[in-house]
1. Quick check: residue separation of Asp161 and Arg374 times 0.36 nm, minus the Cα distance between them. What number comes out in nm?
2. Taking only DSSP H segments of four or more residues, each worth -39500 (n - 2.57), what value at 222 nm results for the chain once the sum is divided by all its residues, to the nearest 500 deg cm²/dmol?
3. Please list, in chain and number order, the residues 5+ apart from Leu366 or on another chain whose amide H is under 5 Å from its amide H, with Hs placed from the backbone.
4. Would you kindly derive the ³J(HN,Hα) couplings of the range 190-198 from the backbone phi angles with the Karplus curve 6.51 cos²θ - 1.76 cosθ + 1.60 (θ = phi - 60°), listing them in order in whole Hz, with x for Gly and Pro?
5. Tell me, what does the Kirkwood hydrodynamic radius of the chain come to in angstroms if you use every pair of distinct C-alpha atoms?
6. Over the C-alpha atoms of the range 380-519, what are the Rg and the largest Cα-to-Cα span, Dmax, in Å?
7. Can you give me the % of accessible surface on the chain that is carbon or sulfur? Probe 1.4 Å, all protein chains present, nothing else counted.
8. Using only the alpha-carbon atoms, how far is helix 38-57 inclined from the longest principal axis of the chain? Give it as 0 to 90 degrees, nearest 10.
Amino acid sequence: MNPTGPNPFGTTAARRPPAAGLGAAVLACLLVPTVLPAYWVYLAVTAVVGAVIMQSYGVIVGRVGVMSLCQVSFAAIGAWVVLWLNAADAPGGFLLWLPLGGLAAVPVGIAVGLPALRIRGVNLAVVTFGFAVAADIVLTANEFPGMADLTTLERPALFSDDGAYFVLAVAVFTLIALGLALLNRTRLGMSWTELRHSERAAAAHGVSVARGKLAAFAISAFIAGVGGGLMAGQLGLVVPGNFAMMQSLTLFAVAIMIGPHNPEGAIMGGLFGAVMATLLDKLGLPQDLGGMLFGIGALFALRSGVSQTDFTRARKRERAARRFLAEREEAAAGTGTGPAGQAAPVPEAGPPAPPQPAAPRGEPCLTVSGLTVRYGSVTALDAVDLSVPRGAVVGLIGPNGAGKSTFIAAVTGFVGGYQGSVALAGTPLDRLAPNTRAARGLRRTFQTTSIAPELTQYEYLTIGAGRHLDTAEADELLDFFGCPPGRLPVSMVDAGARRLLDVAAAVAARPAVALLDEPAAGQSAAESLLLGRRLAEVPARFGVSVLLVEHDMDLVQAACSEVTVLDFGHVIASGPTAEVLADPAVMAAYLGTAEPTAV
């Protein structure tokens, strides 16, 4: 999201967390070196270095949801490069070597991330852990630079003691945290959140899944490499045991439990690894208590499905949203009007709307010719022809199993290997990936929504639009489709409103054609009728043609000027809505009645 664009609760709320974080960092830099004993200052440095490495888990595990078990290996690469530059007496000094160590880990991170383009879940975890095992073997067989002659790394004079080095480590952590916070406001950062919940939905919004994943691996490897360089600076010399493969597994579990994609989570992760054992010893408590606390936290994460910091932030966000709604209702009560941005009232259920009149057919915007999809011996679509004129709403109906969703999936690129052709404004789209077709102007929705609950509706619209979307434009879309106020997090929006939000996000991109797969599912008869009337206005109001897949004939009549009917993968009728719905073949194959009725 553009920093000047819409945010969950206004600019003030968006600025508080960075300001609070900077204040805490400055306070820590002032107090820790001067108040704590030398041993505890050393532990504090260890905690901050661990927090930097945890931030790499925050990118790849927390933001993208990839099971990577080799982040500590990237840290080893950063440490190795920094120590090699030190042993070679390279120019520039430690402050230059530190980012160079991070950059050295980037190509390795991209190479490790390549399998993520084909596999995911446990299979990807095995691949990344295999890399960690291989790295562990190589590091054990080969000494780190400087070990043979005990050439230790000398810190810069300004950061020679542990207290000053703590300040440097905090500065590095803060810079990375601020950089990631800015990245979260960009389309790439928000697309990572969508990738974690649904790669198909992200691709339908024009997001390159491959580019997003590889970027996450590269950035996380860079951060881990910087963390490894910081560790080398702290210790002077490192051994393979500092980057053992099991540490990657342990830190991955901590990341799942705590959520290091939030700065406070990364700090908690660093403290857990650096201070817990010593703190329990100082308090005279058994070391097993740390494992018990870890187990309880892990059980909480598994039970709730979110990390501890995500859970805490979600509660705060929802409380702020409820306060916003309460203030809005009070303001509305004081003026005697409905709240600003209130969803359009749902009309009372009445007789079905008359079919949309057949306007003169314009030039085709989307042209599908001879589309055939086979799954083995089963033919899902058989030489289907369909076109969507510019500025029109066209319906695609048929009984369950007729091939409607397969048609949308093939046209938008989610089903490959089809026969026939798909062209948008005369430009062939065949052989293009789904995200490329979406970027060319072909957007779709799914029967089941997969929207990240931590996003606000504003943020989701921005992802869908693929561009900067100001508040006024977002509010217009939400009001038009009857969605709740845009500042609300998706976690507070019901299933029906989420489907409408999905439609609004598809239209927000201003594509040439939006393909809507049963957007009225779960809506009442009155809500469905209202949606049909709104969809009929979409081409004129937003410049978007619509292909609508629906079972509700009232909605189809209200929205569509033309209808195509599929039955067992074949087109059995196509033309103006009134004529098609009155066709005896359509009644027999689909409606099963003498006259059109809601299904």
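The values are calculated or read from the model by the stated rules, or taken from the named source; none is laboratory data. All values derive from a computational prediction rather than experimental measurement. Neighbour counts are summed over all protein chains in view; Cβ atoms, including those assigned to glycine, are modelled from backbone coordinates with ideal geometry. All accessible areas refer to the heavy atoms of the entire protein, side chains included, with ligands and DNA or RNA removed. Shrake-Rupley method; radii C 1.70, N 1.55, O 1.52, S 1.80 Å.
1. Once the chain is fully extended between Asp161 and Arg374, it gains 69.7 nm.
2. Result for the chain: -18000 deg cm²/dmol, rounded to the nearest 500.
3. Excluding prolines and chain starts, which carry no amide H, the hits are Val388, Ala425.
4. Each residue of the range 190-198 in turn: 6, 5, 4, 4, 5, 4, 4, 9, 6 Hz.
5. Details: mean 1/r = 0.0373 Å⁻¹.
Final number for the Kirkwood radius of the chain is 26.8 Å.
6. 15.7, 46
7. Answer for the chain is 62 percent, counting heavy atoms of protein chains only.
8. The helix 38-57 is inclined about 30 degrees to the chain.
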